[in-house]
Amino acid sequence: MDLARTKSIEQSIADTDDPDHRLRKDLGALDLIVFGVGVIVGAGIFVLTGTVAASNSGPALALSFLIAAVACGLAALCYAEFASTVPVAGSAYTFSYATLGELVAWIIGWDLVLEFTIGSAALSVSFSGYLQELLAGTPFEVPTQLSSAADGFIDLPAVVIALLVMGLLVRGTKLSSRVNQVVVAIKLLVVATVIVVGIAYVVPSNWVPFIPESQPVPEGEGGFRDLPLITSLLGIEPAVFGVGGVVAGAAIVFFAFIGFDVVATTAEEARNPQRDVPIGILGSLVVVTLLYAAVSLIVTGIQSYDEIDPDDAAPLATAFSAAGVDWMGDLISVGACIGLVVVAMILMLGQSRVAFAMGRDGLLPRWLARVHPTYRTPYRVTLITGVVVATIAGFVDLTTLANLVNIGTLFAFVLVSIGVVVLRRTRPDLPRSFRTPLVTVVATLSVLMCVYLMLNLTGETWERFLIWMAIGIVVYFSYGRRHSRLRAQEEARQPVD
């Protein structure tokens, strides 16, 4: 059946040498680790900590991060084997095309388009919020009409930063990497300062009880669309906190661990992808897991979880201000403002590489996959992506869409975990510089954990995700299936009657 046709690994790699679609190989292992750390250390530390601590996990926020990290680690092992075996742009899309067939590849590619585009726009808006907080009360304060889509006409800072990031990515991945290295160094310095200074202000009694006792959902908040899907499916009494709250918190903070997924999208631009990509994926995940656990303990240790405002966009800064350390609040705001720019940039990089791979395969218009004659970057799709991200960031309130990034990422992890086992069985002959240990066990655990975390996302998130997927199916059958390069090659090889 043509919907299940797969693109051979050899053909995927051969396509990377096409002069019109060849990317420059500029990135080493350090570049990839920094890319991963750059995108992971962002919203998770600077934004999500307060929301999840106050609404789901309490002091056990650290456990929520660790649960999410374990799920990511299992999937990361599968990603590392795939990326070292198939060093081609496109990440989960390319991997699925080689193992699970064209329709599944399209679905995951469409899913990643949503994940990276919405994620990049959301981070642009978050940057704008921190920037406005820093400029408030100064001669450079942003006018209300230009400060947000909700309160004014447009969120101008979000639009400007999205377009600036787009320009950097068109100019070249290596330049983007150098900017990223400088920014990540600043961001990590801020995070280290939070940990070192914060230890002196921790009140151990704020960690007791570490896992708050389960409580009924506040009246008026128990609808299907507002609750984790698993609650509705199994008829579980809605509740917050407790062990269930810790797991639900893990599903939310999962957004903070998608960096290694972006590392996999840059495999084609790595100098030695078989060695460097696994190092980049696993190295970045280890670094940020340690940072996340430490910072979450600091936040809940300085300020009791029941005193944290779940809607506070700057929980770290607020916690230090409550402890009387105002200068730390300003430092954190600067670090967050800088750091969120990098996250938006790397998510946009991931989106452009996935769409580039889909265009090269003909599932999207092939002219999208043209690379710049000088910079050797996919400039057309990057320009389009940048304009779309800027438009969403400038005119749309993204609060209700945030969880879409999580469900999309988890869905991609499920397919990659299945695909690595399939490829082991269908192509045992392929050279693998990195092999997932106990691959069947690891992949199975990865699928189970990711599906369980998906079920802990709200019914509304599932509704929006399924609608987006339905639109993608329509686009595939109306365009992608008919213009597939693989289909054209198969038809050309068929004998003429």
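If you take the residues of region 175-221 that are of a type in the set (Gly, Ala, Ser) and under 28 Å from the mean Cα position of the chain (by Cα), which of them is modelled with the lowest pLDDT?
Initially, region 175-221 is screened for residues of a type in the set (Gly, Ala, Ser), giving 176-177, 185, 192, 198, 200, 205, 214, 220.
Those still in the list that are under 28 Å from the mean Cα position of the chain (by Cα) too: 176-177, 185, 192, 198.
Numbers: 176: 58, 177: 62, 185: 84, 192: 89, 198: 91.
Applying the filter and picking the extreme gives 176.
With the requirement that a residue be part of a helix (DSSP H, G or I) and among the small types (Gly, Ala, Ser), what does region 302-343 give you?
First, pick out the residues of region 302-343 that are part of a helix (DSSP H, G or I): 302, 305-307, 315-322, 326-343.
Listed by number, the residues that qualify are 317, 319, 321, 322, 329, 333, 335, 336, 339.
Listed here are the helices (runs of 4 or more DSSP H) enclosed by region 1-57 that have at least 1 residues being touching a strand residue (DSSP E or B) at 6+ places or on another chain (Cβ under 7 Å) and at pLDDT 75 or above: 29-40. Being in a helix (DSSP H, G or I), more than 21 Å from the chain's Cα centre (by Cα) and within 22 Å of residue 68 (Cβ to Cβ) is true of residue 299. For beta carbons closer than 7 Å, sequence separation of 6+ or different chains, a first residue in region 138-151 that is at pLDDT 85 or above and a second that is outside any loop (DSSP other than H, G, I, E, B), the qualifying pairs are 141/135.
Tally time: how many residues in region 351-381 are surrounded by 23 or more Cβ atoms within 10 Å (Cβ to Cβ) and within 24 Å of residue 408 (Cα to Cα)? Talk me through it step by step, then tell me what you get.
Start the filter on region 351-381 by keeping residues that are surrounded by 23 or more Cβ atoms within 10 Å (Cβ to Cβ), which leaves 351-358, 360-361, 363-364, 369, 377-378, 381.
Filter again for within 24 Å of residue 408 (Cα to Cα), leaving 351-358, 360-361, 363-364, 369, 378, 381.
The qualifying residues number 15.
Restricting region 98-137 to residues that are in contact (Cβ under 8 Å) with a residue 24 or more places away in the chain and not in a helix (DSSP H, G or I) leaves a set whose member that is surrounded by the fewest Cβ atoms within 10 Å (Cβ to Cβ) is 101.
Counting only residues that are part of a helix (DSSP H, G or I) and either of a type in the set (A, V, I, L, M, F, W, C) or surrounded by 19 or more Cβ atoms within 10 Å (Cβ to Cβ) (or both), region 435-463 holds 16 of them.
Yes or no: region 467-480 includes at least one residue that is in a loop (DSSP other than H, G, I, E, B), of a type in the set (A, V, I, L, M, F, W, C) and closer than 29 Å to residue 128 by Cβ. I'd like the intermediate steps shown before the answer.
Step one: filter region 467-480 for residues in a loop (DSSP other than H, G, I, E, B), giving none.
Scanning region 467-480, I find no residue that is in a loop (DSSP other than H, G, I, E, B), of a type in the set (A, V, I, L, M, F, W, C) and closer than 29 Å to residue 128 by Cβ, so the answer is no.
The values are calculated or read from the model by the stated rules, or taken from the named source; none is laboratory data. All values derive from a computational prediction rather than experimental measurement. As a convention, Cβ positions derive from the backbone with ideal geometry for all residues, glycine included, and neighbour counts pool all protein chains shown.
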